[in-house]
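Colleague: The following block contains the structure, expressed as structure tokens.
The values are calculated or read from the model by the stated rules, or taken from the named source; none is laboratory data. Here the structure is a predicted model, which means the values were calculated and not measured. Reconstructed Cβ throughout: ideal geometry from the backbone, glycine too, with neighbour counts over all protein chains shown. What goes into the accessible areas is simple: the full protein's heavy atoms, side chains included, and nothing from ligands, DNA or RNA. Shrake-Rupley method; radii C 1.70, N 1.55, O 1.52, S 1.80 Å.
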Amino acid sequence: MSNFRRRLMMSFEKKYTPVEYLESTGTQYIDTRYYPNNLTDVECKFMYNQFTSNTASSVFGVRDSDGSVKQFLMSVFNDTLWIVNGLNNTSISGITPLVNTEYILRITPQKAYWNGREILKMNKSIANCPNYSLYIFGRNAKNGFVNNPLFGKVYYLKIYEEGRIIRDYIPVLDSSGIPCLYDKVEDKFYYNEGSGEFLYE
């Protein structure tokens, strides 16, 4: 769909215009203001455009500080999938994410699923919950510092607690045409807190 048609639609759809995805070039990210806990359950559809050699690339994540086990994230490092949830800091053998390929990951307090297939049993501990908020398109590495940026796309991200959805992020253009994520639960827009602007389709 052309940008002109999207803007034409916005005259009828006042709040926002849905788009298929937001795409980060490595400098954009969103702070969810959500703090993962021992009940957190995240599902995300995403695609990598590229990987950076010897540097992790996080679709979403948070880590208290270097050397801490207080983490919640999904990354790819040297072509290897990493899922971290409290006590787990696990590379997943047999799964090598590819660029330009859509994936759906779900991390629950008990298990992790890759495109609907169980790939890992989790071992969540409330003592190892991060004390910082979850970022999308990168990892919150303490006090607002983002690292391990995603070069790729996010199609949606949902956060649940005990089966109850508490965040339902979809990619949209707001009424001013700015690409952002809209949370259908809070009825709230979440904007890029990095530099540049998200790409979209």
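Colleague: Consider only pairs whose beta carbons are under 7 Å apart and that are at least six residues apart or on different chains; among these, list those whose first residue lies in segment 58-85 and is at pLDDT 85 or above and whose second residue is among the aromatic types (Phe, Trp, Tyr) and in a loop (DSSP other than H, G, I, E, B).
Modeller: Pairs that qualify, where the first residue is at pLDDT 85 or above and the partner is among the aromatic types (Phe, Trp, Tyr) and in a loop (DSSP other than H, G, I, E, B), are Val62/Tyr132; Val76/Phe51.
Colleague: Got a sec? Which of Glu161, Glu193, Glu118, Glu186 is within 16 Å of Pro36 (Cβ to Cβ) and of a type in the set (Asp, Glu)?
Modeller: Of the residues listed, the single one that is within 16 Å of Pro36 (Cβ to Cβ) and of a type in the set (Asp, Glu) is Glu161.
Colleague: For segment 96-112, name all the residues that are touching a residue at least 24 places away in the same chain (Cβ under 8 Å), over 15 Å from Met47 (Cβ atoms) and either outside any strand (DSSP E or B) or of a type in the set (Phe, Trp, Tyr) (or both).
Modeller: Taking segment 96-112 and keeping what is touching a residue at least 24 places away in the same chain (Cβ under 8 Å), we get 97-109, 112.
Remaining after also requiring over 15 Å from Met47 (Cβ atoms): 106-109, 112.
Correct list: Thr108, Pro109.
Colleague: Select from segment 170-184 the residues that are in contact (Cβ under 8 Å) with a residue 40 or more places away in the chain and either in contact with a helix residue (DSSP H, G or I) (Cβ under 8 Å, 6 or more places away or on another chain) or among the aliphatic types (A, V, I, L, M) (or both) and list them in ascending order. Please lay out each step first, then the result.
Modeller: Of segment 170-184, the ones in contact (Cβ under 8 Å) with a residue 40 or more places away in the chain are 170-175, 177, 179-182.
Matches in segment 170-184: Ile170, Val172, Leu173, Ser175, Gly177, Leu181.
Colleague: Another one. When the residues of segment 1-25 are filtered to those that are open to solvent by 20 Å² or more (accessible area, probe 1.4 Å) and among the small types (Gly, Ala, Ser), which remaining residue is modelled with the highest pLDDT?
Modeller: Ser2
Colleague: Any chance segment 129-141 includes a residue that's modelled with pLDDT of 85 or more, in a strand (DSSP E or B), out of contact with any Ser or Thr (no Cβ under 9 Å at 6 or more places or on another chain) and open to solvent by 30 Å² or more (accessible area, probe 1.4 Å)? Spell out the reasoning first.
Modeller: In the first step, residues of segment 129-141 are kept if they are modelled with pLDDT of 85 or more; the result is 132-141.
Filter again for in a strand (DSSP E or B), leaving 135-136, 139-140.
From the residues that got through so far, the ones that are out of contact with any Ser or Thr (no Cβ under 9 Å at 6 or more places or on another chain) too are none.
Among the residues of segment 129-141, not one is modelled with pLDDT of 85 or more, in a strand (DSSP E or B), out of contact with any Ser or Thr (no Cβ under 9 Å at 6 or more places or on another chain) and open to solvent by 30 Å² or more (accessible area, probe 1.4 Å), which makes the answer no.
Colleague: Of the numbered conditions (1) within 14 Å of the chain's Cα centre (by Cα); (2) under 24 Å from Val76 (Cα atoms); (3) not charged (D, E, K, R), Tyr191 fails exactly one; give the number of that condition.
Modeller: (2)
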